[in-house]
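Asker: Provided herewith is a single structure, encoded as structure tokens, for subsequent inquiry.
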Amino acid sequence: MLAKKLGVTSATQKQYDQALIALVNKGVVVEKKGRLILSRRLGLIPATIVKLAGRFGFARELDGTTEFFVPGRAFKGAMVGDSVLLKRLPPRGESPEAEVVKVIAQGNRTLTGTLLVTDEGKFVKLDDMPNIPIRLVKGGVLGAADGDKVGVELVVRGESHQAHKAKVIEVFGSSDTAQACALSVLSANGIATEFPGDVLDQARAAGRKEITEKDLSYRLDLRGEPIFTIDGADTKDIDDAVSVIKYADGYKLGVHIADVSHYVKEGTPLDNEAFARGTSVYYANSVIPMLPKELSNGICSLNPQEDRLAFSCLMELDASGVMQRYEFKKTVIRSRVKGVYSELNRIYDDTVDETIKQKYAEVLQELPAMKELAELRMKLRKQRGTPDLDSPESKIIIGEDGTAIDIKPRERGFTEGLIEEFMLCANEAAATLAKTNYIPFVYRIHEKPTPEKLEALAETLRLLGLNASAITSSVSPKDMADILEKAKSSPLYRIVNNQVLRAMAKARYSDNPVGHFGLVLENYSHFTSPIRRYPDLAIHRILSAYIAGVEKEKLDKRFSGFAKAVGVSSSESELRAMTAERDCEDCYKAEYMRKHIGEVYEGVISSAAQHGVYVELENTVEGLIHVDRFPPGNYEFDGRMQFTDTVSGRRFRIGDRVKVVVSGADVAAGNIDFDFAETAQPIE
């Protein structure tokens with residue numbers, strides 16, 4: 001009946017059937033008494049389970065607008081990733097509440113956990129749902145031992161979580177090791193550590209290709225220019241190089257990026273795999289690359305003293321550092337030296353020895369002009385009102401046995417900022433070219449903070465005794481920058497910085513150029529890292545067609561849908577990678593701190609929640625002091641930033657410096673527990 005009403009013909013029957021199946025699988029329509037009915041007409045809400053916590057969890061509506069609290073008894077056995085139909089329940093708190101009416105489709109994500117061997121049998125304690133062990137079927141252990149991290153699949157789905165049964169499909173190793181736990185995290189997030197055979201074959205074939213005369217025939221030859229790369233000492237996938245020439249009235253800045261799109265052709269297995277991965281994943285001393293190493297560390301890496309094909313953004317800037325003109329050219333380059341951040345920082349600080357200076361002999365004369373231009377660009381960024389946010393990263397030192405032996409803050413010097421400024425120039429130029437010429441594109445966008453986050457930030461600032469009058473619905477980036485600047489000399493700076501960071505929206509990819517709030521730029525994109533980010537590879541492909549003279553109509557037809565798909569997929573891939581990186585590093589931090597149980601450290605209360613306070617140490621490690629472990633008293637939480645003992649008046653507040661003792665570390669969960677040391681009084 002429906003097909004007839006829609007005018008479905010034999011030629012379109014297959015597409016109709018596929019579309020209908022997709023709608024049913026998503027729960028948008030349901031079958032009732034042989035009829036198809038929109039689920040919403042029955043008061044049902046299509047959703048996806050996004051989190052389980054044993055006694056409760058959350059489901060997100062398909063359009064992403066609403067997240068529902070789901071009591072543990074109301075799950076009907078649904079697992080994270082499952083598509084479900086929800087029915088609203090009367091809310092008992094601020095969050096909307098619902099129950100699962102039906103599991104429509106099972107999620108395809110790998111379930112991971114820890115194997116438990118008890119007198120009652122063998123179970124897996126799932127990472128998603130640690131409070132309800134799932135029984136393993138007979139013979140379903142795959143050789144795993146008690147305490148091993150494993151991947152499992154459900155072979156029996158019951159009407160409750162307790163009724164599920166599983167079998168082990170992958171064994172990662174002992175849950176006492178961060179290495180095994182990290183592999184488990186990657187698997188749970190759908191991040192493959194190996195490439196399919198056809199992808200590897202194609203990468204190896206591309207990696208063996210020599211640069212031909214045909215490749216050079218349409219390229220600008222820049223092999224005579226003083227171009228070089230600057231990266232970390234251990235970087236192997238080098239995808240960007242720079243050059244700066246100073247003139248009487250300004251500067252010529254070259255940002256030269258590996259021409260990855262020359263080797264990764266559209267629609268090939270190599271391209272499809274890169275699209276699916278979306279980004280490389282970095283944690284501890286490991287890299288899960290977006291492209292096989294035969295490309296990422298080989299022919300696409302701008303290794304020193306080797307001819308390489310590049311895609312260059314050549315920019316002219318005036319004496320104040322303002323960009324005047326730019327053009328994009330296919331080029332061939334030859335990097336003079338593999339620059340290292342720490343070495344160049346020492347050159348700029350004039351603390352380097354002659355041996356290092358000799359290494360940079362071919363580009364030494366270029367360095368003063370690079371410094372001048374970078375400082376001008378930094379000044380312009382500040383004048384725009386860009387918030388100077390600090391996002392400290394951890395450097396995890398791994399020993400020969402694969403375990404964490406030290407953790408320290410990752411240092412950032414002048415040269416890291418210099419390269420960032422030059423990359424920003426190229427990224428802005430690429431986005432400006434696309435927007436000006438109305439071509440399909442993948443932009444990097446950053447929207448304004450939501451009213452809810454602004455309200456929370458304003459309230460926190462007021463509780464800290466700071467002026468929050470500028471934090472309104474019309475807040476500007478400069479307002480944020482001013483708050484950070486005023487707090488810079490205060491002991492509260494780290495806390496204010498973190499609160500502003502949390503208020504910010506998450507940057508994402510989109511085919512719609514709405515601008516970048518945090519950078520205060522109307523046009524922005526990611527052009528400079530096509531080895532490790534798919535959006536960069538995508539816009540290389542688009543820009544290559546544009547500068548080759550492809551007509552706009554053909555560009556629209558070829559790339560409009562592609563740009564939209566890349567925006568959605570790559571944003572999801574980035575979130576997945578960030579989650580995996582954080583969780584992997586948490587395991588290594590717990591592994592390191594386990595060796596220091598009983599030791600005393602000084603730290604700062606970085607956040608507070610109903611269950612306790614989190615304390616961040618100088619080495620970037622963060623741990624929880626559970627409210628049950630507080631000194632004796634009757635503590636009340638203000639819902640945002642502090643606990644107060646109503647008897648003694650003792651207070652533990654965000655920003656307080658405290659001494660803590662390491663009391664526990666769970667490597668598998670990536671959790672660290674602290675207790676207050678000594679008198680548990682904040683350090684004045």
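The values are calculated or read from the model by the stated rules, or taken from the named source; none is laboratory data. It should be emphasised that the depicted structure is a prediction, and the values quoted were computed from it without experimental measurement. Here the Cβ is made from the backbone with ideal geometry for all residues, glycine too, and neighbour counts use every protein chain on show.
Asker: Of Val255, Val281, Val287, which residue is of a type in the set (A, V, I, L, M, F, W, C), surrounded by 23 or more Cβ atoms within 10 Å (Cβ to Cβ), farther than 19 Å from Ile539 by Cβ and assigned by TED's automatic domain parsing to the domain that holds Tyr546?
Answerer: Result of the check over Val255, Val281, Val287: Val281.
Asker: May I ask you to say which residue of Leu389, Leu376 is of a type outside the set (Asp, Glu), under 30 Å from His516 (Cβ atoms), surrounded by 13 or more Cβ atoms within 10 Å (Cβ to Cβ) and at pLDDT below 95?
Answerer: Values: Leu376 fails: at pLDDT below 95.
After ruling out the rest, the residue left standing is Leu389.
Asker: Can you report the number of residues in the range 412-457 which are among the basic types (Lys, Arg), within 23 Å of Arg502 (Cβ to Cβ) and surrounded by fewer than 23 Cβ atoms within 10 Å (Cβ to Cβ)?
Answerer: Counting residues in the range 412-457 that are among the basic types (Lys, Arg), within 23 Å of Arg502 (Cβ to Cβ) and surrounded by fewer than 23 Cβ atoms within 10 Å (Cβ to Cβ) gives 3.
Asker: Right, next: Within the range 334-353, is there a residue that is at pLDDT 95 or above, surrounded by 15 or more Cβ atoms within 10 Å (Cβ to Cβ) and closer than 18 Å to Ala426 by Cα?
Answerer: No, the range 334-353 has no match at all.
Asker: Return the only residue of Tyr443, Tyr493, Tyr438 being among the aromatic types (Phe, Trp, Tyr) and free of Cβ contacts under 8 Å to residues at least 40 places away in the same chain.
Answerer: Only one candidate qualifies: Tyr493.
Asker: Hey, Ile396 hits all of (1) within 30 Å of Cys313 (Cβ to Cβ); (2) within 24 Å of the chain's Cα centre (by Cα); (3) modelled with pLDDT of 95 or more but one; which does it fall short on?
Answerer: Unmet condition: (1).
Asker: Looking at (1) over 28 Å from the mean Cα position of the chain (by Cα); (2) under 30 Å from Tyr588 (Cα atoms), find the lone condition where Ile356 falls short.
Answerer: Every listed condition holds for Ile356 apart from (2).
Asker: Taking Lys506 as the residue in question, decide whether it is surrounded by 15 or more Cβ atoms within 10 Å (Cβ to Cβ) and either modelled with pLDDT of 95 or more or not in a helix (DSSP H, G or I) (or both).
Answerer: Considered against the rule, which asks whether it is surrounded by 15 or more Cβ atoms within 10 Å (Cβ to Cβ) and either modelled with pLDDT of 95 or more or not in a helix (DSSP H, G or I) (or both), Lys506 comes out as no.
Asker: I'd like to know if the range 652-660 contains one or more residues that are modelled with pLDDT under 95 and touching a Lys or Arg at 6+ places or on another chain (Cβ under 8 Å).
Answerer: The answer is yes; a qualifying residue exists.
Asker: Only one of these conditions is not met by Thr646: (1) touching a residue at least 24 places away in the same chain (Cβ under 8 Å); (2) farther than 17 Å from Ser394 by Cα. Which number is it?
Answerer: Unmet for Thr646, out of (1) touching a residue at least 24 places away in the same chain (Cβ under 8 Å); (2) farther than 17 Å from Ser394 by Cα: (1).
Asker: Scan the range 307-327 and give yes if some residue there is surrounded by fewer than 16 Cβ atoms within 10 Å (Cβ to Cβ), polar (S, T, N, Q) and closer than 26 Å to Gly417 by Cβ, otherwise no.
Answerer: Yes, the range 307-327 contains a residue that is surrounded by fewer than 16 Cβ atoms within 10 Å (Cβ to Cβ), polar (S, T, N, Q) and closer than 26 Å to Gly417 by Cβ.
Asker: Do we find that Ala665 is modelled with pLDDT of 95 or more, surrounded by 14 or more Cβ atoms within 10 Å (Cβ to Cβ) and farther than 29 Å from Glu452 by Cβ in this structure?
Answerer: Answer is yes for this residue.
Asker: While we're on this one: Taking the range 28-66 only, how many residues are of a type in the set (Asp, Glu), outside any loop (DSSP other than H, G, I, E, B) and either under 28 Å from Ile132 (Cα atoms) or at pLDDT 70 or above (or both)?
Answerer: The qualifying residues number 1.
Asker: Name, by its number, the condition in (1) out of contact with any Ser or Thr (no Cβ under 6 Å at 6 or more places or on another chain); (2) over 30 Å from Phe311 (Cβ atoms) that does not hold for Ser529.
Answerer: Result: Ser529 fails condition (2) only.
Asker: Then there's this: Does Ala98 meet the test of being within 27 Å of Asp586 (Cβ to Cβ), surrounded by 21 or more Cβ atoms within 10 Å (Cβ to Cβ), hydrophobic (A, V, I, L, M, F, W, C) and in contact with a helix residue (DSSP H, G or I) (Cβ under 9 Å, 6 or more places away or on another chain)?
Answerer: On the way: within 27 Å of Asp586 (Cβ to Cβ): no; surrounded by 21 or more Cβ atoms within 10 Å (Cβ to Cβ): yes; hydrophobic (A, V, I, L, M, F, W, C): yes; in contact with a helix residue (DSSP H, G or I) (Cβ under 9 Å, 6 or more places away or on another chain): yes.
Judged against the criteria, Ala98 is not a match.
Asker: Any chance the range 427-434 includes a residue that's of a type in the set (D, E, K, R) and either at pLDDT below 95 or touching a helix residue (DSSP H, G or I) at 6+ places or on another chain (Cβ under 9 Å) (or both)?
Answerer: No, every residue in the range 427-434 fails to be of a type in the set (D, E, K, R) and either at pLDDT below 95 or touching a helix residue (DSSP H, G or I) at 6+ places or on another chain (Cβ under 9 Å) (or both).
Asker: Here's a follow-up. Of all residues in the range 450-459, which are under 16 Å from Pro387 (Cβ atoms) and of a type outside the set (D, E, K, R)?
Answerer: Answer for the range 450-459, where residues must be under 16 Å from Pro387 (Cβ atoms) and of a type outside the set (D, E, K, R): Leu454, Leu457, Ala458.
Conditions tested, residue by residue: (1) acidic (Asp, Glu); (2) in contact with a Phe, Trp or Tyr (Cβ under 9 Å, 6 or more places away or on another chain); (3) crowded, with 16+ Cβ neighbours inside 10 Å; (4) in the same structural domain as Gly139 (by TED's automatic domain parsing).
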residue: Glu170; (1), (2), (3), (4): yes, no, yes, yes
residue: Ser187; (1), (2), (3), (4): no, yes, yes, no
residue: Asp215; (1), (2), (3), (4): yes, no, yes, no
residue: Arg219; (1), (2), (3), (4): no, no, yes, no
residue: Thr229; (1), (2), (3), (4): no, no, yes, no
residue: Lys236; (1), (2), (3), (4): no, no, no, no
residue: Asp240; (1), (2), (3), (4): yes, yes, yes, no
residue: Asp259; (1), (2), (3), (4): yes, yes, yes, no
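Asker: Return the only residue of Glu225, Glu170 being of a type in the set (D, E, K, R), within 30 Å of Ser342 (Cβ to Cβ) and touching a residue at least 40 places away in the same chain (Cβ under 8 Å).
Answerer: Residue meeting the stated conditions: Glu225.
Asker: Let me ask something else. Can you tell me which residue is surrounded by the fewest Cβ atoms within 10 Å (Cβ to Cβ) among those in the range 516-557 that are in contact with a Phe, Trp or Tyr (Cβ under 7 Å, 6 or more places away or on another chain) and assigned to a loop (DSSP other than H, G, I, E, B)?
Answerer: Checked the range 516-557; the qualifying residue surrounded by the fewest Cβ atoms within 10 Å (Cβ to Cβ) is Tyr524.
Asker: Residues of the range 590-621 being charged (D, E, K, R) and surrounded by fewer than 20 Cβ atoms within 10 Å (Cβ to Cβ), which ones?
Answerer: Passing the criteria: Arg594, Lys595, Glu599, Glu602, Glu616, Glu618.
Asker: Tell me, please, whether a residue that is in a strand (DSSP E or B), farther than 26 Å from Lys371 by Cβ and of a type in the set (A, V, I, L, M) can be found in the range 299-319.
Answerer: yes
Asker: Here's a follow-up. Scan (1) within 30 Å of Arg582 (Cβ to Cβ); (2) assigned to a strand (DSSP E or B) for the single condition Cys181 breaks and write down its number.
Answerer: Evaluating Cys181 over (1) within 30 Å of Arg582 (Cβ to Cβ); (2) assigned to a strand (DSSP E or B) leaves (2) as the failure.
Asker: Out of the range 274-315, which residues are of a type in the set (Gly, Ala, Ser) and farther than 17 Å from Tyr534 by Cα? Give the derivation first.
Answerer: Narrowing the range 274-315 to residues of a type in the set (Gly, Ala, Ser): 274, 276, 278, 280, 284, 286, 296, 298, 301, 310, 312.
Scanning the range 274-315 gives Ala284, Ser286, Gly298, Ser312.
Asker: Taking Ala538, is it touching an Asp or Glu at 6+ places or on another chain (Cβ under 6 Å) and either in the same structural domain as Ser296 (by TED's automatic domain parsing) or under 23 Å from Cys313 (Cα atoms) (or both)? It would help to see each step written out before you state the result.
Answerer: Working: touching an Asp or Glu at 6+ places or on another chain (Cβ under 6 Å): no; either in the same structural domain as Ser296 (by TED's automatic domain parsing) or under 23 Å from Cys313 (Cα atoms) (or both): yes.
Criteria not met by Ala538.
Asker: Please verify whether Leu142 is touching a strand residue (DSSP E or B) at 6+ places or on another chain (Cβ under 6 Å) and either assigned to a strand (DSSP E or B) or at negative phi (or both), treating the condition exactly as stated.
Answerer: no
Asker: For Asn108, only one of the following conditions fails: (1) loosely packed, with under 15 Cβ neighbours inside 10 Å; (2) in contact with a strand residue (DSSP E or B) (Cβ under 7 Å, 6 or more places away or on another chain); (3) within 18 Å of Val50 (Cβ to Cβ). What is its number?
Answerer: Asn108 satisfies all of (1) loosely packed, with under 15 Cβ neighbours inside 10 Å; (2) in contact with a strand residue (DSSP E or B) (Cβ under 7 Å, 6 or more places away or on another chain); (3) within 18 Å of Val50 (Cβ to Cβ) except (2).
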